[in-house]
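Written out below as structure tokens is the structure these notes cover.
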Amino acid sequence: MLRENLASVERKIADACKRSGRSRDEVTLIAVSKTKPVEMISEVYGAGVRDFGENKPQEIRDKQPQLAEDIRWHMIGHLQRNKIKYIIDKVCMIHSVDSVRLAQAIDEAAGKLGIVMPVLIEVNVAGEESKDGIRPEEAEQFVREISVFPNIHVEGLMTIAPFTENPEENRQYFRKLSKLCVDIRQKNIDNVSMCSLSMGMTGDYEVAIEEGATMVRVGTGIFGERYYPRAEADGRVEV
């Protein structure tokens, strides 16, 4: 089932790239493996996926030693400063930076290891109160503030669009984030590349690709529905 699901997702990504005149190589598929056992992750890995995303630092900490060394782990969930130690030496990117204090803590942890951590700025484009992220109008100033930290590198923006049955409803948010990314890139801020746009999940990743996403976060579309021991209303989780 997993291989069939993955093949379907890959076809849809390729079709979306074709519709928007983009190369398939421009889009990274991040398989969101939250709550999934290492056996399922291994199967998806065996089908060719190398980028996996997790919402909880503890899951990355526990799963990473059990899986292939060439997996690129992405921290896509809300990150508390006291949990950075679990993932700083394990992830290739942190997608959810939304405060100067968090950026500074990541910078300090990375500095101790002598590495530079690529980060994305989480932007709450739709202005949902239940979501983390900075406001679009604050993004440029925020990028300037954290660009001074030498052990992080600001590579772009990330957003979690509203849950909707009609993915077209989220096109406006993806378009707005893409424009914001271009606008900041044109400022030529030191230590800021703005080359990455992490947007689009299972329900809307095709629209996100059409609007410029370079990374899409797909969980349910690959691994199937998730079952939680308690209700979770975190829009970051349902991918």
### Cα convex hull of the stretch 2-223, projected area averaged across orientations, nm²
11.5
### Summary
For the stretch 107-118, in residue order, the Karplus 3J(HN,Hα) values (coefficients 6.51, -1.76, 1.60; θ = phi - 60°; whole Hz; Gly and Pro = x) are 4, 5, 5, 5, x, 5, 9, x, 10, 10, 9, x
### Query
Under a 5 Å amide H to amide H cut-off, with H placed in plane at 1.01 Å, what residues pair with G53 once short-range neighbours are removed?
A31, V32, S33, H74
### Message
I'd like the distance separating the alpha-carbon centroids of the stretch 70-125 and the stretch 1-66, in whole Å.
### Response
20
### Message
Per residue of the stretch 27-36, what does 6.51 cos²θ - 1.76 cosθ + 1.60 with θ = phi - 60° give for ³J(HN,Hα)? Whole Hz please, x for Gly and Pro, Karplus curve as stated.
### Response
10, 9, 8, 9, 7, 7, 9, 4, 6, 8
### Query
Considering amide H positions built from the backbone, and no H for Pro or chain starts, which residues 5 or more places from I121, or on another chain, come under 5 Å of its amide H?
G156, L157, M158
### Task
Per residue of the stretch 213-221, in order, report the coupling 6.51 cos²θ - 1.76 cosθ + 1.60 (Karplus, θ = phi - 60°) as ³J(HN,Hα) in whole Hz, putting x for Gly and Pro.
4, 9, 9, 10, 10, 10, x, 4, x
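Every number in this text was worked out from the coordinates using simple rules, so none of it is lab data. Computed from a prediction, not measured in an experiment: that's the story for all the values here.
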